[in-house]
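The values are calculated or read from the model by the stated rules, or taken from the named source; none is laboratory data. Note that the structure is predicted; figures quoted are calculated from it, not measured. Here the Cβ is made from the backbone with ideal geometry for all residues, glycine too, and neighbour counts use every protein chain on show.
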Amino acid sequence: MKILIADDEDYTREGLLEEIDWEEFGIDEIMQAVNGEEALKIVKWFRPDIVLSDIRMPKMDGIAFAEEMLKLIPQSKLIFISGYMETEYLKSAIRLSVIDYIEKPIDVAQVKKALQRAVDEIAREEKTREADEGNREFRQQRLFELLTHRDSDRKSAEKLAGEVGFPMNSGYVCLVLQFPRSRKERGSEPEQVLDMIQKIGEKAVGVWQDDSSFEVILSCQERNRYRLEPLYQRILDSWPDCKVAVGIEAGDYRNIYNSWKTARAAMNCAFYQSDRRLFEIDESILQRRFMEPGIYGTFLRVLPEGPKELSEWFRSLFADLFTRKYYQKEQVYTLMISLLTAVFRQYPSSVESLPGVEGEEQLQAALLGMDSLQEIRDFTEKMLGCAQEREEELSGYGRVVRGVLDYIAAHYGEESLSTAQIAEAFHFSQAYMNVLFKQEMKVTLKQYLSNYRLEKAKQLLEQDYMKITEIAVRCGYANANYFSKVFRDATGMSPVEYRERGK
């Protein structure tokens with residue numbers, strides 16, 4: 001909090017500075033002025049929360065200064081000090097709504113009480129502003145919901161529109177602004193967009209539908225229609241990672257629903273066309289279509305044939321999807337999660353080169369975090385490429401050993417996994433399985449499992465966001481202490497030291 005002390009008497013200003021514990025009131029910035037003219041200059045850039053001013057000062061008296069100051073920052077709290085209790089001064093103080101009028105010689109205790117009242121008043125106003133802002137935001141969200149609902153309550157919509165200052169006798173167009181899902185948090189874009197709209201002489205209400213999508217209902221009078229295209233371009237220029245979709249124009253507020261639906265349908269095209277940024281509606285994407293029901297069945301027939309054949313099948317699938325921009329992207333997400341989860345189960349090593357993906361949960365989260373079909377295609381190609389490399393790497397081993405290696409890749413995170421369990425899964429005795437495995441791999445099954453877990457742990461340690469305890473559990477160790485012991489025995493370093501070595 002900031003305060004300005006304006007008084008032509010040096011000892012008054014210095015006395016206040018020394019006698020008052022300003023931090024007690026949350027005041028951490030203090031400026032001084034020796035006359036009203038200097039005080040006004042300081043106010044213009046310092047913008048104090050509280051002003052403690054003498055009334056009789058040279059060049060500009062306290063009353064004149066206060067009147068000009070309150071024009072600049074009407075929310076600032078004013079405390080007058082004076083050696084003269086004249087009636088006109090008191091009337092001016094009342095007119096200017098001062099917090100207090102303190103006589104000289106100054107009683108510090110009285111100044112402290114006045115400061116506390118000023119601080120309390122500032123806190124109350126801030127709380128009220130926050131409540132009003134929150135209430136206004138709630139009313140705007142409610143109005144948005146009413147206007148974008150086909151059978152909304154007309155009277156409720158008109159009442160809310162009046163409260164938030166949104167016109168109900170205009171033309172309208174809906175916009176959808178899409179930001180990357182990779183953003184950590186929402187920014188101030190909505191306020192800036194609404195400000196841009198206001199500058200072209202129109203009103204708007206907007207809401208976040210999720211962490212990456214901001215939807216707007218924009219009023220548009222006939223005389224301002226020519227300003228819409230430049231507005232869209234300004235938005236795109238202001239945020240290079242933003243995409244904008246425009247709905248059909250609505251001549252009446254009862255048709256806003258159609259503009260909103262078409263804006264959403266237009267934005268669906270952004271999922272398929274990652275190189276474009278502005279999307280407007282066309283007839284081909286208005287017809288709602290669903291995925292071909294036979295896709296998954298065809299996929300299941302190709303799945304066991306191997307990564308190479310799968311890659312060819314997926315290449316054909318993506319080529320087809322890119323021509324079908326009318327499919328809802330949610331359908332594509334659902335399809336790809338199902339397909340790639342099945343790929344992972346069949347070829348667990350397919351995610352080994354994908355950062356942050358160790359299992360089904362991370363695989364699905366990674367897919368849902370992608371903004372375009374292009375990203376999903378690139379991810380799928382990497383996944384299948386990894387599976388194909390693994391297949392080629394294992395091509396020199398027998399069928400049983402290849403099966404064991406895949407089994408370990410799928411189950412290494414289970415604490416209970418042991419050589420006995422692996423042998424049982426393949427219907428061999430433990431002794432025979434050990435002999436067969438060592439003949440081909442030149443290492444015992446137990447040592448391979450231990451090495452595999454350690455390599456996985458090393459990969460996870462490269463990622464700072466995972467805790468040591470989480471890595472231990474993820475890699476199949478009983479607890480973090482046991483993990484640390486095994487890791488140190490194998491590498492000569494603790495997990496923490498290993499993580500810190502490259503920093």
Hey, can you tell me all the residues within the stretch 95-110 that are without any contact (Cβ under 8 Å) to a residue 12 or more places away in the chain and in contact with an Asp or Glu (Cβ under 8 Å, 6 or more places away or on another chain)?
Q110
Look at the stretch 163-184 and say how many of its residues are within 22 Å of the chain's Cα centre (by Cα) and either in contact (Cβ under 8 Å) with a residue 12 or more places away in the chain or farther than 18 Å from C242 by Cβ (or both).
9
With the requirement that a residue be modelled with pLDDT of 90 or more and in contact with a Leu (Cβ under 9 Å, 6 or more places away or on another chain), what does the stretch 273-287 give you?
R277, L278
Among the numbered conditions (1) touching a residue at least 60 places away in the same chain (Cβ under 8 Å); (2) surrounded by fewer than 18 Cβ atoms within 10 Å (Cβ to Cβ), tell me where L460 comes up short.
(2)
So which of V486, V496 is surrounded by 14 or more Cβ atoms within 10 Å (Cβ to Cβ), touching a residue at least 12 places away in the same chain (Cβ under 8 Å) and among the aliphatic types (A, V, I, L, M)?
V486
When you look at E68, is it modelled with pLDDT under 85, surrounded by fewer than 18 Cβ atoms within 10 Å (Cβ to Cβ) and among the acidic types (D, E), yes or no?
no
Among the residues of the stretch 38-86, which ones are among the basic types (K, R) and either outside the structural domain of I106 (by TED's automatic domain parsing) or free of Cβ contacts under 8 Å to residues at least 12 places away in the same chain (or both)?
K41, K71
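Can L449 be described as without any contact (Cβ under 8 Å) to a residue 60 or more places away in the chain and under 21 Å from V400 (Cβ atoms)? I'd like the intermediate steps shown before the answer.
Working: without any contact (Cβ under 8 Å) to a residue 60 or more places away in the chain: yes; under 21 Å from V400 (Cβ atoms): yes.
When the stated conditions are applied, L449 passes them.
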Of all residues in the stretch 289-342, how many are of a type in the set (G, A, S) and in contact with a strand residue (DSSP E or B) (Cβ under 7 Å, 6 or more places away or on another chain)?
0
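Please work out if S418 is of a type in the set (G, A, S), surrounded by fewer than 18 Cβ atoms within 10 Å (Cβ to Cβ) and over 30 Å from A480 (Cα atoms).
On the way: of a type in the set (G, A, S): yes; surrounded by fewer than 18 Cβ atoms within 10 Å (Cβ to Cβ): yes; over 30 Å from A480 (Cα atoms): no.
Spelling it out, it is not the case that S418 is of a type in the set (G, A, S), surrounded by fewer than 18 Cβ atoms within 10 Å (Cβ to Cβ) and over 30 Å from A480 (Cα atoms).
Among the residues of the stretch 354-377, is any buried (at least 18 other Cβ atoms within 10 Å of the Cβ), over 32 Å from the mean Cα position of the chain (by Cα) and within 19 Å of Y448 (Cβ to Cβ)?
So far as the stretch 354-377 goes, no, none of its residues is buried (at least 18 other Cβ atoms within 10 Å of the Cβ), over 32 Å from the mean Cα position of the chain (by Cα) and within 19 Å of Y448 (Cβ to Cβ).
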Would the stretch 221-235 turn up any residue that is part of a strand (DSSP E or B) and of a type in the set (A, V, I, L, M)?
no
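Quick grid of which residues meet (1) out of contact with any Phe, Trp or Tyr (no Cβ under 7 Å at 6 or more places or on another chain); (2) surrounded by 16 or more Cβ atoms within 10 Å (Cβ to Cβ):
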| position | (1), (2) |
| --- | --- |
| Y232 | yes, yes |
| C242 | no, yes |
| G247 | no, yes |
| Y253 | no, yes |
| A263 | yes, yes |
| A266 | no, yes |
| A270 | no, yes |
| S274 | yes, no |
| I281 | yes, yes |
How many residues are buried (at least 23 other Cβ atoms within 10 Å of the Cβ) and not β-branched (V, I, T) if we restrict to the stretch 36-56?
6
Any chance the stretch 195-208 includes a residue that's in contact with a Lys or Arg (Cβ under 9 Å, 6 or more places away or on another chain) and under 18 Å from A266 (Cα atoms)?
yes
Would you mind telling me which numbered condition in (1) of a type in the set (A, V, I, L, M); (2) over 21 Å from the mean Cα position of the chain (by Cα); (3) surrounded by fewer than 19 Cβ atoms within 10 Å (Cβ to Cβ) A387 fails?
(3)
List the residue pairs whose Cβ atoms are under 7 Å apart, where the first residue sits in the stretch 206-221 and is assigned by TED's automatic domain parsing to the domain that holds D241, the second is among the basic types (K, R) and buried (at least 16 other Cβ atoms within 10 Å of the Cβ), and the two are 6 or more positions apart or on different chains.
S219/K203
Candidate set from the stretch 463-476 (those that are free of Cβ contacts under 8 Å to residues at least 40 places away in the same chain and assigned to a loop (DSSP other than H, G, I, E, B)); member that is surrounded by the most Cβ atoms within 10 Å (Cβ to Cβ)
M466
Cβ-Cβ under 9 Å pairs, at least 6 apart or on other chains, the stretch 141-162 side under 13 Å from I217 (Cα atoms), far side in a loop (DSSP other than H, G, I, E, B):
L143/F166; E145/S152; L146/S152; L146/D153; L147/F166; A161/P167; A161/M168
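Going through R225, R276 one at a time, which residue ends up being in contact (Cβ under 8 Å) with a residue 12 or more places away in the chain, among the charged types (D, E, K, R) and closer than 28 Å to L340 by Cβ? Walk me through how you get there before you give the answer.
On the way: R225 fails: closer than 28 Å to L340 by Cβ.
Going through R225, R276 in turn, just one is in contact (Cβ under 8 Å) with a residue 12 or more places away in the chain, among the charged types (D, E, K, R) and closer than 28 Å to L340 by Cβ: R276.
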